[in-house]
Amino acid sequence: MTGSSDWHRGERRLLSDGGHPPGDSGRQSSDREAAPTDDEPLPAGDGEHSADGGQTLDSQFESVVDQLGEAIFLKDREGRYRYVNEAMADLFDSTREAVVGATDADFFDASEVADIRDDDEAVMASGESRTVERRRTYGGTERVWRTTKHPYRPDGRVEGVVGVSRDVTERARAEAERERNERALRDLQRLASDRERSVDEKLDRALAVGCERLDLPFGFLTRVEGDTQTLVATHGEHEALEPGTSTPLSQTYCRRTLDTDGTLTVEHAGEEGWADDPAYEQFGLECYFGGTLHVDGERYGTLCFADTEARERPFSDSEETFIELLAEWVSYELDRREREADLERFEAIVRAVDDGVYAVDDEGHFSFVNPAIAELTGYDAGTLLGKHLSTVKGDDETAAALSALLSGEASERTVEGPVRRARGRPVVCEDNMTRLDDVDGDVRGVVGVVRDVSEQRAQREMLSELVEASRSFMGARDRAEVMQMVAHAIESVLGFELNVVRRFDREGERLVPAGTTDAVTERLDEPPTYDLGEGGPGRAFVDGEPVEIVDTETLDDGHDRDVVRSALHLPMGVHGTISIGSEESEGFSDVDRQAIQLLATSGAAAANRAKREQEVRDARERADALVDRINGLIEDTVEVLVQAGTREELERGVVEQLVATDPYAVAWVAQPDVAADRLEATAWDGEPDLSATIEGYAVDRTADDPVARALREGEIQVLNDLDGVPEGSVHAEAAAVGLGSMVAVPLTYTGTSYGVLTVYAREPDAIADRERVVLSALGRAVANAVNAIESGRILTTSRVIEMEFTVRDDDLLFGRLSARTGATLELAGSVYQSDGSLRLYVTATDTDEESVLEALDGDDAVTEVTVIIDHDEEVLFEVVVAESLVELLADHGAVTQAVTAEDGVVRYTVELPQEAEAREVFELVERRYEGTDLVGYHEHERAARTRQEFREAVRDRFTDRQETAVRTAHLGGFFQWPREADGDELADSMDISRPTYHQHLRAAQRKVFEELFDHGSGRV
């Protein structure tokens, strides 16, 4: 096709063949130039331009048109495109050459072609421009195009249509968005102002408005409490979104909304990281928009909208703004619903309470009264409204309180005063008044709560009398006095004159009168005694519950009922019952019952106290007698323990003192024979005489005998009945001669058993708990005394047993320390502390201070450690321990001469008196520590060292200068405090310098201490 057109009729050519400007020969088809067809160019008009000038102008014009963003086209009357610019060709996803000559049927469907053709024909027929907006789909995307079409008149006649199309999709969307927003806001405004809908109905409609605004099918409101989300309201049909459904918060979309404390939007959950989320699996929502709701300043839950299909475009700013606004409105409505519910509950409570509630305005006039106020005053509520408070409360105290509250001087006041009634006497009431302020803090009135306290005042007075009476009960000396006081208290406090208090007689199992009022004696027959379960008193005592007879005429028990018309019987604990008579039927009110119950409880408590005091008095008398006896026994026994010089004297004195004390009759002591593994009787005394049986008597350690068990278990053994004791034993003989009970007391001191003390009493069950405690303490004292005697022998004996043994056991401190450090340890000395602990001085060689401290750090046996000297791989240090084998050996009469340790093996060298049981000592160590071996045992003479020999030994070690220095210091008062002479004066007396003097003095002191502490074994 070839052709041309003029842009302005008669002025210049607008377009040439192929839709290109004239002169652009490179873009024209040669065939079209050579062979014109029916598609000749439209008439160009009257005038023409020169060839060169026209081509230049058209080329420039095409360049300008192509720079425009709008799509520009020219169509002839048949609808064929005669010209398109680049933007128009791009719109069809084609080239300009391909579009020129084509019709709309080549690019649009039939319905669209018809619409476009109608528009074109309307323009050409009317000769007027026309603008239309239509939705077109280009490249699979729907867009909105605004097209303006003008009639094309190249020669004055309309020969076609010139059009300009603009993409107004975004503007159209914005306008649609604005319209939807405005529509939604109008809906929300109407909803907010709708007074006919309930809050729940408004919430349902709000969800619908939100769904319409966002074009989403589902809306839901949630309540989040703790770790659970509950659906409160929903819109749309979804099987997982039903009102009332609860879901763990961890499986919901809303948890992330709450994390933002604002809004959360998700357009395509599957592509935004939600595919593996439990919420995605639970609900299957692709699109989600959620906002956080707050009620009363606290997080309430969420407002959400969603779809199971993904959203093609993101949520717009206006959509987000609307949902935020909607969430705020919903929060407000929820908050209002809560407040209204609270107000309704409050109003219901106020109207239902028994107390009167009123409110007055800032001038003191009633603005509200509840039904209780109307009932209390006798005025109708309508009559009181508008009246001043003084109408019913005209006392000065109320007036002053009201003035203080309304002036802002006070916020709360409580007054007690009369309330005037429409008819009848005033009522004493308590009025709790509270000031009411408005939002600006200005006083708007007062609210008061009024309570009738006239009965309470009377009850308070009565209660005060009851308390006073109950206190007086506690002064009674015995239960009989308590019961008499209870009978009179009921009369004086409650006004009932006919009262009988009965005591439970355990021997006869009946209730006997013990306390009565004067009116009972004067007006009634002798009060009867009741068996358990008999009559009102008997039933009340057995059941432990009050029994009330509202009308005694209904009873047929043979008792006189002329005076008493009703009666009340109450149990008084386990002590008896209280019976009160009234001369009227149904003569007891609830207050009476409660008051009498209180007196019964107080009376029972007082009776308990009186009984306990009597028991205490009796027990004190018995205890005083027992204490006198025990004190005498202890004093006499202690005297024996102190004076005894040998174990034989001690044991003989103990048994003599025991049998001289009641209730003890016979006592004997058995010592353990380690070699024979049995107990042998060594001392005995008492009547009847059992010496023939006891002398030479022995008990095997493993025997099933109380004496053997006491030795094995280290615990006191008591037989309060001698039936079943071993045949042939001393116990069997004791039973045969009439003795009734026995006790075997182990004589144990610091883990060592020195035997068993056995004592017999004349009567069965004579060994009570107190006796056990005393005898146990006595056994420990005897064992301690025996230990002292045994230990003292090592100090006086001249012949000793020396025993050496080794121990490999981590329980020993020396073994642990030598193993940890690799050092050789030697005990240099030990000192007992005032708190019972032991301070050890230890020398360690082939180690250093750091190694020692590290090894002792955290050792549970050590409470304190101090390094004294660290020099040339030799450390002198001191440790404080709570217990030590050295201490244990000393308790058993052994003197430790040396202790060394190397590679975890500890060697002990000890001395014992010749008479001591060295085997028992060794076995004691062997039982306590594994890896104990005896490596040396021999006897030798140990010469006693006299004081004179000590002095001579010291003098032999002194030089003349050293002896002079120390004697001068002693005689000159150098060792006194404060010193009588100083070092300079003493040095001058010897005509030597002060340093030289102190050198001699220190050397002399060192030699004295070496003789004192290191003589012989090197032990302290």
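Quick one: would you say Val486 is touching a Leu at 6+ places or on another chain (Cβ under 8 Å) and part of a helix (DSSP H, G or I)?
Yes.
List the pairs whose first member sits in segment 946-968 and is open to solvent by 60 Å² or more (accessible area, probe 1.4 Å), whose second member is modelled with pLDDT under 80, and whose Cβ atoms are under 6 Å apart, counting only residues at least 6 apart or on separate chains?
Arg957/Lys1007
Quick one: which of Arg503, Arg510 is modelled with pLDDT of 90 or more and either under 53 Å from the mean Cα position of the chain (by Cα) or within 25 Å of Gln594 (Cα to Cα) (or both)?
Details: Arg510 fails: either under 53 Å from the mean Cα position of the chain (by Cα) or within 25 Å of Gln594 (Cα to Cα) (or both).
Exactly one residue qualifies, and that residue is Arg503.
Against the condition more than 30 Å from Arg617 (Cβ to Cβ), touching a residue at least 12 places away in the same chain (Cβ under 8 Å), open to solvent by 70 Å² or more (accessible area, probe 1.4 Å) and not hydroxyl-bearing (Ser, Thr, Tyr), how does Arg479 come out, does it pass?
no
Determine if segment 177-193 includes at least one residue that is surrounded by 15 or more Cβ atoms within 10 Å (Cβ to Cβ) and either modelled with pLDDT of 95 or more or polar (S, T, N, Q) (or both).
yes
What helices (runs of 4 or more DSSP H) completely inside segment 920-1020 contain at least 1 residues that are modelled with pLDDT of 80 or more and of a type in the set (A, V, I, L, M, F, W, C)?
Output list reads 960-971, 983-989, 994-1013.
I'd like the residue in segment 797-832 that is without any contact (Cβ under 8 Å) to a residue 60 or more places away in the chain and open to solvent by 60 Å² or more (accessible area, probe 1.4 Å) and, out of all such residues, is farthest from Glu911 (Cα to Cα).
The selected residue is Arg820.
Could you grab the pairs with beta carbons closer than 8 Å, sequence gap of 6+ or different chains, first residue in segment 190-207 and over 16 Å from Phe220 (Cβ atoms), second one surrounded by fewer than 12 Cβ atoms within 10 Å (Cβ to Cβ)?
Note: pairs meeting the criteria are Val199/Glu340.
What is the one condition in (1) open to solvent by 80 Å² or more (accessible area, probe 1.4 Å); (2) in contact with a Lys or Arg (Cβ under 6 Å, 6 or more places away or on another chain); (3) not basic (Lys, Arg) that Glu522 does not satisfy?
The failed condition is (2).
Taking Asp721 as the residue in question, decide whether it is at pLDDT below 90 and on the phi < 0 side of the Ramachandran plot. Give the derivation first.
Details: at pLDDT below 90: yes; on the phi < 0 side of the Ramachandran plot: yes.
Answer is yes for this residue.
Take Thr845 and tell me if it is surrounded by fewer than 18 Cβ atoms within 10 Å (Cβ to Cβ) and closer than 30 Å to Asn787 by Cβ.
No, not satisfied.
Failed condition for Ala898, given (1) hydrophobic (A, V, I, L, M, F, W, C); (2) part of a strand (DSSP E or B); (3) within 19 Å of Thr932 (Cα to Cα); (4) in contact with a helix residue (DSSP H, G or I) (Cβ under 7 Å, 6 or more places away or on another chain), with all others met?
(4)
Given the conditions (1) assigned to a helix (DSSP H, G or I); (2) open to solvent by less than 80 Å² (accessible area, probe 1.4 Å); (3) in contact (Cβ under 8 Å) with a residue 24 or more places away in the chain, which single one is not true for Ser585?
(1)
Which members of segment 804-815 meet the condition of being closer than 14 Å to Val879 by Cα and either part of a helix (DSSP H, G or I) or in contact with a Gly (Cβ under 7 Å, 6 or more places away or on another chain) (or both)?
Leu813, Phe814
Which residues, counting only those in segment 387-445, are assigned to a strand (DSSP E or B), basic (Lys, Arg) and either at positive phi or touching a residue at least 40 places away in the same chain (Cβ under 8 Å) (or both)?
Once the filter is applied, which keeps residues that are assigned to a strand (DSSP E or B), basic (Lys, Arg) and either at positive phi or touching a residue at least 40 places away in the same chain (Cβ under 8 Å) (or both), segment 387-445 yields only Arg444.
So in segment 848-861, with the set limited to residues that are of a type in the set (A, V, I, L, M) and over 21 Å from Leu889 (Cα atoms), which one is most open to solvent (accessible area, probe 1.4 Å)?
The selected residue is Leu853.
Residue by residue through segment 561-578, note down the ones that are open to solvent by less than 10 Å² (accessible area, probe 1.4 Å), assigned to a strand (DSSP E or B) and within 10 Å of Arg502 (Cα to Cα).
Residues satisfying the conditions are Met572, Gly576, Thr577, Ile578.
Suppose we filter Val500, Val520 for residues that are touching a helix residue (DSSP H, G or I) at 6+ places or on another chain (Cβ under 9 Å), part of a helix (DSSP H, G or I) and at negative phi; which single one remains? Working first, answer last.
Values: Val500 fails: part of a helix (DSSP H, G or I).
One residue alone meets the criteria, Val520.
Can you find even one residue in segment 458-468 that is open to solvent by less than 50 Å² (accessible area, probe 1.4 Å) and modelled with pLDDT under 90?
yes
I'd like to check something: does segment 741-760 contain any residue that is surrounded by fewer than 21 Cβ atoms within 10 Å (Cβ to Cβ) and either of a type in the set (A, V, I, L, M, F, W, C) or out of contact with any helix residue (DSSP H, G or I) (no Cβ under 9 Å at 6 or more places or on another chain) (or both)?
Checking segment 741-760: not a single residue is surrounded by fewer than 21 Cβ atoms within 10 Å (Cβ to Cβ) and either of a type in the set (A, V, I, L, M, F, W, C) or out of contact with any helix residue (DSSP H, G or I) (no Cβ under 9 Å at 6 or more places or on another chain) (or both).
Could you grab the pairs with beta carbons closer than 6 Å, sequence gap of 6+ or different chains, first residue in segment 257-280 and modelled with pLDDT of 90 or more and part of a strand (DSSP E or B), second one of a type in the set (Phe, Trp, Tyr) and open to solvent by less than 50 Å² (accessible area, probe 1.4 Å)?
Thr265/Phe289; Thr265/Phe315; Val266/Tyr288
In the list Val862, Val905, which residue meets the criterion of being farther than 14 Å from Phe805 by Cα, at pLDDT 75 or above and either out of contact with any Phe, Trp or Tyr (no Cβ under 7 Å at 6 or more places or on another chain) or not aliphatic (A, V, I, L, M) (or both)? Break it down stepwise before answering.
On the way: Val905 fails: farther than 14 Å from Phe805 by Cα.
Within the list Val862, Val905, the selection yields Val862.
The values are calculated or read from the model by the stated rules, or taken from the named source; none is laboratory data. Model, not experiment: these values are computed from the prediction. Virtual Cβ from ideal backbone geometry, glycine too; neighbours counted across all protein chains shown. These area figures cover heavy atoms from the full protein model, side chains too; ligands, DNA and RNA do not enter into them. Shrake-Rupley method; radii C 1.70, N 1.55, O 1.52, S 1.80 Å.
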